[in-house]
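Engineer: Attaching a single structure in structure tokens format; questions to follow.
Values in this text are rule-based calculations from the coordinates and carry no lab data. What you see is a predicted model, and the numbers here were worked out from it, not measured in a lab. In this analysis, Cβ positions are derived from the backbone assuming ideal geometry, glycine residues included, and neighbour counts consider all displayed protein chains.
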Amino acid sequence: MKYRRFTIETTTDAEDILSAVLSEAGIDGIEIADSIPWSRKELDEIFVDEVPVNTDIPAGTAYISFYVSEEKDGDLILSEVTAALKDMASWADVPCGSLRINVSEIEDEDYLNSWKEFFHSFDIELIGDVPCGMKHMRIIPSWEDDSPQDIPEDTIVLHMDPGTAFGTGAHETTKLCIQSLAEHVKAGANILDLGTGSGILSVAALKFGAGRAIGTDLDVNRS
């Protein structure tokens, strides 16, 4: 399926106002891009691994995008949003920028996979008396290759493709779970992973010596 992407150029001061205006116009979800870095507290509150910062965007400028599937009348939506933006510019008490709208097309497959450019290999330190004797676990996404010569002897390698499921290992909660598994999983142990997401914790448990791991999730698209 194809989507039309509508991107509005505005200011960081007007982000919240414009978001509310789009919501009132019937837009269900938006994407905000600016050069303002997120704080650790903000990342924890929305429960994500990381939010990439686009340093190419000028300070004070923001781009707000939304997507419309080919099944919907994109021209009608564009007309309604344009009218809402014109009205907003007449009453908003902050600078709104140009409010220009750029329209492009994107395949749903590209949309779902575009986040992969921000997920790279990384190490998790294994703390405590780890039964397997290893000191680190390296998470390598399936679209990256690591040369065996680059991997230290005290490092367990976990290759994975998280797809769209939660659990890349980069979020602090997942790291803590992996560290806890490394310390407490006994050889041959049976593991039950409820709400498995990407399945990363089940695979990690097997890497640490578990004999069997069962993962289950309510989302049929997950492991």
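Engineer: Can you give the helix-only mean residue ellipticity at 222 nm for the chain, where every DSSP H stretch with n ≥ 4 adds -39500 (n - 2.57) and the sum goes over all residues, rounded to the nearest 500 deg cm²/dmol?
Structural biologist: Taken over the chain, the calculation gives -8500 deg cm²/dmol.
Engineer: With +1 on each Lys and Arg Cβ and -1 on each Asp and Glu Cβ, and nothing else charged, work out how big the dipole of the chain is about its Cα centre, in Debye to the nearest 20.
Structural biologist: In debye, rounded to 20, the chain gives about 680.
Engineer: Within 13 Å, Cβ to Cβ, of ILE64, how many net charges do the neighbouring residues add up to if Lys/Arg are +1 and Asp/Glu are -1?
Structural biologist: -4
Engineer: For HIS136 and ASN190 in the same chain, what is the full-extension length gain: residue separation times 0.36 nm, less their Cα-Cα distance, in nm? Before the final figure, lay out each step's value.
Structural biologist: Values: separation 54, 0.36 × 54 = 19.44 nm, distance 2.25 nm.
This chain segment gains 17.2 nm when fully extended.
Engineer: Can I ask one more? Over the chain, calculate the relative contact order: mean separation of alpha carbon pairs under 8 Å at least 6 apart, over the residue count, as a percent.
Structural biologist: Computed over the chain, the figure is 19 percent.
Engineer: Taking R0 as 35 Å, what's the FRET efficiency between GLU9 and ARG212 from their Cβ-Cβ distance, rounded to 0.05?
Structural biologist: 0.05
Engineer: Right, something else. For percent of Cα pairs over 22 Å apart, the listed values are [x] 63; [y] 55; [z] 48; which was obtained by calculation from the structure presented?
Structural biologist: Computing percent of Cα pairs over 22 Å apart and matching it to [x] 63; [y] 55; [z] 48 gives [x].
Engineer: Among GLY97, GLN179, PRO58, pick out the residue whose Cα is farthest towards the positive end of the charge dipole of the chain, where Lys and Arg carry +1 and Asp and Glu carry -1 on C-beta, about the Cα centre.
Structural biologist: GLN179
Engineer: Residues of the range 1-37 with the amide nitrogen closer than 15 Å to a label point 7 Å from the Cα of GLU105, along Cα-to-Cβ, please.
Structural biologist: 1-6
Engineer: Set the Förster distance to 35 Å, then compute FRET efficiency between GLU172 and LEU78 from the Cβ-Cβ distance, nearest 0.05.
Structural biologist: Approximately 0.30, to the nearest 0.05.
Engineer: A follow-up question, please. May I ask you to evaluate 6.51 cos²θ - 1.76 cosθ + 1.60, the Karplus curve with θ = phi - 60°, for each residue of the range 119-130 and list the ³J(HN,Hα) values in order in whole Hz, giving x for glycine and proline?
Structural biologist: Result, rounded to whole Hz: 10, 10, 4, 7, 10, 10, 6, 9, 9, x, 8, 6.
Engineer: Suppose we flag GluC sites (Glu not before Pro) only when DSSP calls them loop and at most 15 other Cβ atoms lie within 10 Å. Which is the longest uninterrupted stretch of the chain? Walk me through the numbers before you get to the answer.
Structural biologist: Working: sites that count: GLU50, GLU70, GLU71, GLU144, GLU153.
Answer from the scan: 72-143.
Engineer: What are the residues whose amide H is under 5 Å from the amide H of PHE166, where those residues sit 5 or more places off or on another chain and H is modelled from the backbone?
Structural biologist: Under 5 Å from the amide H of PHE166 lie the amide H atoms of SER198, each far enough along the sequence or on another chain.
Engineer: Same structure, new question: Can you compute 3J(HN,Hα) from phi for each residue in the range 178-191, using the Karplus curve 6.51 cos²θ - 1.76 cosθ + 1.60 with θ = phi - 60°, rounded to whole Hz and x for Gly and Pro?
Structural biologist: Each residue of the range 178-191 in turn: 5, 4, 5, 4, 4, 7, 10, 5, 9, 4, x, 5, 9, 10 Hz.
Engineer: Using modelled backbone amide H atoms (1.01 Å from N, in-plane), which distant-in-sequence or interchain residues come within less than 5 Å of ALA62's amide H?
Structural biologist: Correct list: THR10, THR11, THR12.
Engineer: What angle do you read, to the nearest 10 degrees and between 0 and 90, between the alpha-carbon axis of helix 15-24 and the longest principal axis of the chain?
Structural biologist: Approximately 80 degrees, to the nearest 10.
Engineer: Taking the dipole about the Cα centre of the chain, with the C-beta of Lys and Arg at +1 and of Asp and Glu at -1, give me whichever of SER39, THR196, ILE27 is farthest to the positive side.
Structural biologist: About the Cα centre, the residue reaching furthest to the positive side is THR196.
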